[in-house]
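The block underneath contains the structure these notes are about, expressed in structure tokens.
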Amino acid sequence: MGKLKGKGVMVALDTSLERAVQVVDALKNAKGHFSLKVGRPLEMKHTIHVISLLKQKSDLPVVYDGKIADIPHISSIIAQLAFDAGADGVIVHGFCGSDTLSALKELGLGDVIVVADMSHPGSQDFYAKHFHEIVDRAVQLDVDGIVVPATKPERIQFVRDRFSGYILSPGVGVQGAKPGVPSNYGADWEIVGRAVYDAEDPKRAAEEHYRCVLGER
């Protein structure tokens, strides 16, 4: 977990490629610890090579948020493509089970980050009921990171108490969680999208959020 070590702000680039590049350019001179998250919308529209492009433009850590959810063989192929494109980590659904998670770990190409719960209401149907089991399995397999919603701070604390890797928390800003709260409960990376890429000054927005992560405001 070398490049994703420490606390910081992970900017989700769920926007147009033009705006994503503008945000990345703005972050070059921003004061703080930042990383990028490339999701399926940007990848599907511009191919997996968008990871390479953004990596070259920023040299910031890049996580591929493909929400990988398949059998070990197919999941490994997806992860391999992302790592080959320059991703430092990939996000995989925890419900896939230990064989898929182990297969990605065995690639040894970058960080494996497991979704243990999600922030939308539908997560109550299945994820919420198996959260503890998914966390236990992720810890046993020594994954690099675990995704826990910023809107469920008590769950962040639960993971922090038993996990030595890093915690990513989406749901800050538009989805309701206040900047800095996930960090107070043990999150390492607060994930924010629209609050940065829709901001008139994305550099300033990212820096302000980073100060919240540090508890400076």
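Every number here is computed from the coordinates shown, using simple stated rules; none is lab data. Nothing here was measured: the structure is a model prediction, and the numbers come from that model. When we count neighbours, we look across all protein chains shown, and the Cβ atoms used for this are built from the backbone with ideal geometry, even at glycine.
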Handout entry: Anchor Lys178: lysines whose Cα lies under 18 Å away (excluding residues fewer than 8 positions away in-chain)
Key = Lys7, Lys152
Completion exercise
Rounded to the nearest 0.05, FRET efficiency between Phe126 and Ser16 (Cβ-Cβ, R0 30 Å) equals 0.40
Completion exercise
Expressed in angstrom, Rg and Dmax over the Cα atoms of the stretch 8-213 are 15.9, 44
